[in-house]
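For reference, the structure discussed in these notes is given below.
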Amino acid sequence: KGFRLTFIKESGSLEEKIGTIPKDTDTDKVNKALPNKSQNSNMTFIYFLNLTEAGSEDIDILPNGLAFFSVGLKCPGLHSFAPDKPGGILMMDLKEENPRALELRISRGFNLASFNPHGISTFIDSDNTVYLFVVNHPEFKNTVEIFKFEEEENSLLHLKTIKHELLPSVNDIIAVGPAHFYATNDHYFSDPFLKYLETYLNLHWTNVVYYSPNEVKVVAEGFDSANGINISPDKKYIYVADILAHEIHVLEKHPNMNLTQLKVLKLDTLVDNLSIDPSSGDILVGCHPNGQKLFIYDPNNPPSSEVLRIQNILSEKPTVTTVYANNGSVLQGSSVASVYDRKLLIGTLYHRALYCQL
């Protein structure tokens, strides 16, 4: 019942396991080989057994090494290996020598049958209370769920469900208070046909919304499809991934929570979720080198995976390096990468997750 996980270790270098990515016809990217990372000689894959390979669309890691996984996302038109199983939240302690992931129990009264988690974010209050914010799509609708994490019981206490007209198509979220957050809308409309039309007409109507109990407002707009969102370690800047435009936007956060765009970093891949390396402030990006394959799924030609590291994004010439690349033979559809103490977790839209040492 629910999720069970096991770990399988494989030896050999990442280069031997991964090789190169063939030319990407839909983005016209050239072949990309994995950099020589000889220290990454052992990899541990996370298999979601009872949900087959249910994906881990987003990952967030607390400063103490507890990692949260959002698993089991279902979206119209998106492939799923377990279409009839509800989603869930898993946790793994990266301080353990051989970490294992556990499904977190959710308090009574919350509708588990329709739980369809997407982007997640944690917030630690001044009294050390840990809150978990989850973008949820019950019956393909849009809500934000706020939970209190109860570590001793390995459980989540559901506190609140948020619905709002300014949150019609929520993708990702970054918590900035116990009931305060920024969220991205990846479409302006919530109706599936209008979403398709919006994308087809390239309207650039998607946005970032700030939510608090006292105020809800659009704080940035004009994105092709706003996706992943995160905040700089000094809390001064918000980073937003525009997946269809292949861009990361840097926005300055003001005391009134409004945002002003500072710069745009253009990349040659579809950028999904953004994570921050706490030791350096670098941005880790889960990417889709061939996005078309995500929606037209062919097991003989699966979607590739790619993780980028962006250093010094505020500088005139940020450094962009490839941390991981695979042609889909090992990992399909990477959506997020998070790091803690040189331990890297890579999640996917609907495939398995990868755990390795950097």
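The values are calculated or read from the model by the stated rules, or taken from the named source; none is laboratory data. As the structure is a computational prediction, the values presented were derived from the model and not from experiment. Using ideal geometry, Cβ is built from the backbone for each residue, glycine included, and neighbour counts are taken over all protein chains shown. Please note that ligands, DNA and RNA were not included when accessible areas were found on the heavy atoms of the full protein model with its side chains. Shrake-Rupley method; radii C 1.70, N 1.55, O 1.52, S 1.80 Å.
Residues in the range 324-343 that are more than 15 Å from the chain's Cα centre (by Cα), open to solvent by 10 Å² or more (accessible area, probe 1.4 Å) and free of Cβ contacts under 8 Å to residues at least 40 places away in the same chain: 1 in all.
For the range 281-296, the candidate set comprises residues that are open to solvent by 10 Å² or more (accessible area, probe 1.4 Å) and at pLDDT 95 or above; within that set, the residue that is nearest to residue 245 (Cα to Cα) is 282. Residue 163 meets each of the listed conditions (1) within 27 Å of residue 102 (Cβ to Cβ); (2) more than 19 Å from the chain's Cα centre (by Cα) apart from (1).
Can you confirm whether the range 241-255 contains a residue that is hydrophobic (A, V, I, L, M, F, W, C), assigned to a strand (DSSP E or B) and without any contact (Cβ under 8 Å) to a residue 24 or more places away in the chain? No: the range 241-255 contains no residue that is hydrophobic (A, V, I, L, M, F, W, C), assigned to a strand (DSSP E or B) and without any contact (Cβ under 8 Å) to a residue 24 or more places away in the chain.
The requirement of being closer than 23 Å to residue 60 by Cβ, in a loop (DSSP other than H, G, I, E, B) and either of a type in the set (Phe, Trp, Tyr) or without any contact (Cβ under 8 Å) to a residue 60 or more places away in the chain (or both) is fulfilled somewhere in the range 281-288, by at least one residue. Yes or no: residue 346 part of a strand (DSSP E or B) and surrounded by fewer than 22 Cβ atoms within 10 Å (Cβ to Cβ)? Criteria not met by residue 346.
Filtering 267, 203 for residues that are of a type in the set (A, V, I, L, M), touching a Cys at 6+ places or on another chain (Cβ under 9 Å) and touching a residue at least 12 places away in the same chain (Cβ under 8 Å) leaves a single hit, 267. Got a sec? Which of 258, 207 is of a type outside the set (Lys, Arg), modelled with pLDDT of 95 or more, more than 21 Å from residue 305 (Cα to Cα) and out of contact with any Asp or Glu (no Cβ under 7 Å at 6 or more places or on another chain)? Going through 258, 207 in turn, the sole match is 258. Within the range 261-280, the set of residues being open to solvent by 20 Å² or more (accessible area, probe 1.4 Å) and of a type in the set (D, E, K, R) comprises 263, 266, 268.
Touching a Cys at 6+ places or on another chain (Cβ under 8 Å) and either at pLDDT below 85 or open to solvent by less than 60 Å² (accessible area, probe 1.4 Å) (or both) - does that describe any residue in the range 29-40?
Within the range 29-40, the subset touching a Cys at 6+ places or on another chain (Cβ under 8 Å) is 40.
Adding the requirement that they be either at pLDDT below 85 or open to solvent by less than 60 Å² (accessible area, probe 1.4 Å) (or both) leaves 40.
Yes.
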